[in-house]
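Remarks on the structure that follows.
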Amino acid sequence: MKVKIAQTSRISSKGQITVPVAVRRRLGLREGDQVEFVTEGTVTILRPARSVANPFEEYTGALHTFPGGREEINAWIGDLRDEKADE
């Protein structure tokens, strides 16, 4: 059984709110993090903002290029798929 705990916060004259400590900890939020408000029907959800950047971008170039290029990579993958199809 899920227990819902309501916590409140007051909106400032600038439209700002303070996210309660327990909520920040639960969501893993730290100073400077962005949050998003998602409305689903009559419910609005606060959650950490999702990054639109590719999460693997930082690894680009970490490995050397494949010697045969894209064509050989595709052939290699094709061979792997054919072997698995025979099993």
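The values are calculated or read from the model by the stated rules, or taken from the named source; none is laboratory data. Quantities reported herein were computed from a predicted structural model and do not represent experimental measurements. In this analysis, Cβ positions are derived from the backbone assuming ideal geometry, glycine residues included, and neighbour counts consider all displayed protein chains. Only protein heavy atoms, including side chains, enter the accessible area calculation; ligands, DNA and RNA are left aside. Shrake-Rupley method; radii C 1.70, N 1.55, O 1.52, S 1.80 Å.
Please tell me if LEU46 is in contact with a Lys or Arg (Cβ under 8 Å, 6 or more places away or on another chain) and either within 30 Å of GLN16 (Cα to Cα) or touching a residue at least 12 places away in the same chain (Cβ under 8 Å) (or both). Against the criterion (in contact with a Lys or Arg (Cβ under 8 Å, 6 or more places away or on another chain) and either within 30 Å of GLN16 (Cα to Cα) or touching a residue at least 12 places away in the same chain (Cβ under 8 Å) (or both)), LEU46 does not qualify.
If you go through the stretch 48-87 and keep only what is within 15 Å of the chain's Cα centre (by Cα) and either in a loop (DSSP other than H, G, I, E, B) or at pLDDT 90 or above (or both), you end up with PRO48, ALA49, ARG50, SER51, VAL52, ALA53, ASN54, PRO55, PHE56. Checking THR39, THR8, THR44 one by one, the residue that is surrounded by fewer than 10 Cβ atoms within 10 Å (Cβ to Cβ) and in contact with a Phe, Trp or Tyr (Cβ under 8 Å, 6 or more places away or on another chain) is THR44 and no other.
Of the residues that sit in the stretch 47-87 and are among the aliphatic types (A, V, I, L, M) and open to solvent by 90 Å² or more (accessible area, probe 1.4 Å), which one is farthest from GLN7 (Cα to Cα)? Applying the filter and picking the extreme gives LEU63.
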